[in-house]
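Notes follow the structure.
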Amino acid sequence: MNTGKEITLSIDGKVCKSTFGKTILEIARENDIYIPTMCYLTKVKPIASCRMCIVNVEGVDGTILSCQEKATDGAVVTTNNSELYTERQNIMKLYNVNHPLECGVCDQSGECDLQNKTMEFDVSDQPFTTKEQHRPVENWGHVSYDPALCIMCEKCVRVSTEITGDEALKLHFGGYSSTILNVKQEKNYASLGEAAA
């Protein structure tokens, strides 16, 4: 077990020192190196559902998820190039299939990570389409959940499980019909507000 051992790696040409056991994303953030994320929360285990944190590591074929990959001594990491940008742009286009680009009429406009990433990756139109689904908005006490707008980042589920500990929210898998379930809806848990925040 090498936890606590000092390691040195290069991220975008910057020499970064840290301790063994930390992820590439954690070390990048410690060194003020930006790697975009949509599903990452610092206080829960990596969710790895968004794939926005992809990076290239010299000697490794393809991309890796920096939120999950533990950094190794001597690694040479690239966080941004044209291929990574294009892949992230396509990821955002897929997110926006579930979430229409109607930011001007949204209460969260200007304070929305999805909107910010959509603009950052220059997604102004929607080349992908899906069959429209009519799923009702659900009221969970202080929280309204609109499955038609949910991008399935799973942050609310992780907060419900790992931070509030009440496990009120669960992910229900069904392919494109996946949704978040409030399994304790009848109890009107106040912690749902924290999970949805």
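The values are calculated or read from the model by the stated rules, or taken from the named source; none is laboratory data. Keep in mind it's a predicted model, so treat the numbers as computed, not measured. Using ideal geometry, Cβ is built from the backbone for each residue, glycine included, and neighbour counts are taken over all protein chains shown.
Here are the numbers:
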{"item": "Single residue of region 135-179 satisfying the filter (within 19 Å of Asn98 (Cβ to Cβ) and of a type in the set (Phe, Trp, Tyr)) that is surrounded by the most Cβ atoms within 10 Å (Cβ to Cβ)", "result": "Tyr145"}
{"item": "Options Lys131, Lys93: the member that is within 17 Å of Ser49 (Cβ to Cβ), basic (Lys, Arg) and surrounded by fewer than 19 Cβ atoms within 10 Å (Cβ to Cβ)", "result": "Lys93"}
{"item": "Test: residue in region 102-116 that is in contact with a strand residue (DSSP E or B) (Cβ under 9 Å, 6 or more places away or on another chain) and either crowded, with 17+ Cβ neighbours inside 10 Å or not polar (S, T, N, Q) (or both)", "result": "no"}
{"item": "Total residues in region 43-77, condition free of Cβ contacts under 8 Å to residues at least 60 places away in the same chain, outside any strand (DSSP E or B), on the phi < 0 side of the Ramachandran plot and of a type in the set (A, V, I, L, M)", "result": "1"}
{"item": "Failed condition for Thr130, given (1) at pLDDT below 90; (2) in the same structural domain as Leu171 (by TED's automatic domain parsing)", "result": "(2)"}
{"item": "Of residues in region 66-86 being of a type in the set (A, V, I, L, M, F, W, C) and buried (at least 20 other Cβ atoms within 10 Å of the Cβ), the one farthest from Glu111 (Cα to Cα)", "result": "Ala75"}
{"item": "Subset of region 23-50 [buried (at least 17 other Cβ atoms within 10 Å of the Cβ) and at pLDDT 95 or above]", "result": "Thr23, Ile24, Leu25, Glu26, Ile27, Ala28, Arg29, Ile33, Ile35, Pro36, Thr37"}
{"item": "Unique residue being charged (D, E, K, R), within 26 Å of Thr63 (Cα to Cα) and not in a helix (DSSP H, G or I) when the list is Asp107, Asp122, Asp166", "result": "Asp122"}
{"item": "Selection count where residues are at pLDDT 85 or above and of a type in the set (A, V, I, L, M, F, W, C), scope region 160-196", "result": "7"}
{"item": "Answer from Asn80, Asn90 - the residue that is in a helix (DSSP H, G or I), at pLDDT 90 or above and not β-branched (Val, Ile, Thr)", "result": "Asn90"}
{"item": "Condition broken by Val57, with the remaining ones in (1) under 22 Å from Met152 (Cα atoms); (2) in the same structural domain as Gly21 (by TED's automatic domain parsing) satisfied", "result": "(1)"}
